[in-house]
Amino acid sequence: MPDLDRMGVTAEALAQMANTPDPRMREIMAAAIRHLHDFAREVDLKPDEWLAGIAFLTAVGQACTPFRQEFILLSDVLGLSRLVNVMHDAEGREAAGTETSLLGPFFREKAPEFQAGESIAATDKGGEEIILFGQVTDAEGKPLPGAEIDIWQVDATGLYDLQANDAEHMDMRGRFRTDAAGRFHMRTVKPMGYSIPMDGPVGQFVQRQNRHGMRPGHIHILVQAPGYRELVTALYMADDRNIDSDTVFGVSQSLVVMPEKGLPDAPRSDLPAIRYDFRLSRLAAGETGGRVGADPSQILPAAQ
Ligand code: BEZ
Ligand code: FE
């Protein structure tokens with residue numbers, strides 16, 4: 001009988017898991033146990049603190065619905081989503097593509113399809129109309145015709161359609177395809193900065209840390225083309241006051257933009273425009289791919 005003292009229990013937990021047939025699961029869970037036990041020893045975790053942690057995670061789970069993914073939000077505010085993205089970006093690519101950013105909790109599959117030049121705003125809620133245009137290429141600059149570009153963002157009131165809790169209601173999101181030269185162009189409104197959802201356990205957690213809970217204004221973008229690594233990214237507005245302190249760590253310098261008039265090649269001269277070219281990396285051999293995030297309704301489907 002091993003001695004299950006403060007170190008012995010770790011060794012015994014690892015030993016009991018050592019026969020996990022899936023090698024990757026065995027590796028991940030062994031590391032998780034080592035770090036979890038080290039963490040508890042380092043802070044000398046007390047029973048009431050451990051229970052508070054269990055209560056917090058329970059509340060995070062209970063806040064999840066087909067419209068809301070509180071666990072992804074938790075991963076985001078902890079910087080874990082950013083970390084997984086950064087490691088994924090760095091992994092096995094033959095040439096650098098566009099930097100990635102967080103998918104966030106408001107992505108929906110099957111957004112409405114639009115023709116080039118159309119606006120993703122279903123209703124006029126105000127805001128400054130802008131154009132987003134550019135080209136999708138491979139990492140060497142070869143144009144990719146027929147690539148799918150999904151974009152989504154808040155409306156002029158600072159809310160995503162999903163926050164209306166109505167799965168049928170889709171607004172400020174859409175899918176476009178690149179033309180024969182890999183070009184695309186669409187209309188939207190300049191996104192304002194907004195607060196992550198603060199009315200749940202993750203919001204309370206952020207408040208207790210004296211953090212502002214804001215994200216700088218941004219447009220989410222997902223680009224897909226067969227044979228290429230899916231690109232999940234976002235473009236951030238340079239003039240947002242929180243551009244340097246995003247609560248969920250999504251901003252990279254290469255993704256900061258500013259709409260302006262008079263850009264060469266802009267499809268319209270009457271509206272401010274953002275030109276951004278997206279570069280996709282080829283899928284590496286054996287690569288698993290995968291997004292850091294999901295449509296919430298794919299994780300917790302609505303009851304039939
Ligand atoms: C968003 O960009 O929509 C978002 C990302 C992470 C957490 C909350 C919101
Ligand atoms: Fe967002």
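The values are calculated or read from the model by the stated rules, or taken from the named source; none is laboratory data. This is a predicted model, so every value here is computed, not measured. Methodologically, a virtual Cβ is constructed for each residue, glycine included, from the backbone with ideal geometry; neighbour enumeration extends over all protein chains shown. Note: accessible area is taken over every heavy atom of the protein model, side chains too, but ligands, DNA and RNA are not part of it. Shrake-Rupley method; radii C 1.70, N 1.55, O 1.52, S 1.80 Å.
Things worth noting here:
- Residue within region 186-205 that is within 16 Å of ligand 2 (Cβ to nearest atom), touching a Phe, Trp or Tyr at 6+ places or on another chain (Cβ under 6 Å) and in contact (Cβ under 8 Å) with a residue 24 or more places away in the chain present: no
- Residue under evaluation L80, criteria (1) more than 16 Å from ligand 1 (Cβ to nearest atom); (2) assigned by TED's automatic domain parsing to the domain that holds F184, criterion not met: (1)
- Set side by side, the residues G117, G92 differ, and just one is more than 16 Å from ligand 2 (Cβ to nearest atom) and at pLDDT 85 or above, which is G117.
- Qualifying residue in region 230-248 (condition: of a type in the set (D, E, K, R) and under 23 Å from K110 (Cα atoms)): yes
- Qualifying residue in region 47-62 (condition: of a type outside the set (D, E, K, R), surrounded by 15 or more Cβ atoms within 10 Å (Cβ to Cβ) and within 16 Å of ligand 1 (Cβ to nearest atom)): yes
- Complete set of residues in region 139-189 that are within 16 Å of ligand 1 (Cβ to nearest atom), assigned to a loop (DSSP other than H, G, I, E, B) and modelled with pLDDT of 85 or more: Q153, V154, D155, G158, L159, Y160, M170, D171, M172
- When residues of region 124-134 are limited to those that are more than 16 Å from ligand 2 (Cβ to nearest atom) and within 22 Å of the chain's Cα centre (by Cα), the one nearest to M186 (Cα to Cα): F133
- Among the candidates M1, M25, the residue that is aliphatic (A, V, I, L, M), modelled with pLDDT under 95, out of contact with any Leu (no Cβ under 7 Å at 6 or more places or on another chain) and not assigned by TED's automatic domain parsing to the domain that holds L159 is uniquely M1.
Condition check ((1) open to solvent by 30 Å² or more (accessible area, probe 1.4 Å); (2) modelled with pLDDT of 90 or more; (3) within 18 Å of the chain's Cα centre (by Cα)) across all residues:
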| site | (1), (2), (3) |
| --- | --- |
| R215 | no, yes, yes |
| A238 | yes, yes, no |
| R241 | yes, yes, no |
| S245 | yes, yes, yes |
| S252 | no, yes, yes |
| L255 | no, yes, yes |
| L263 | yes, yes, no |
| R268 | yes, yes, no |
| L283 | yes, no, no |
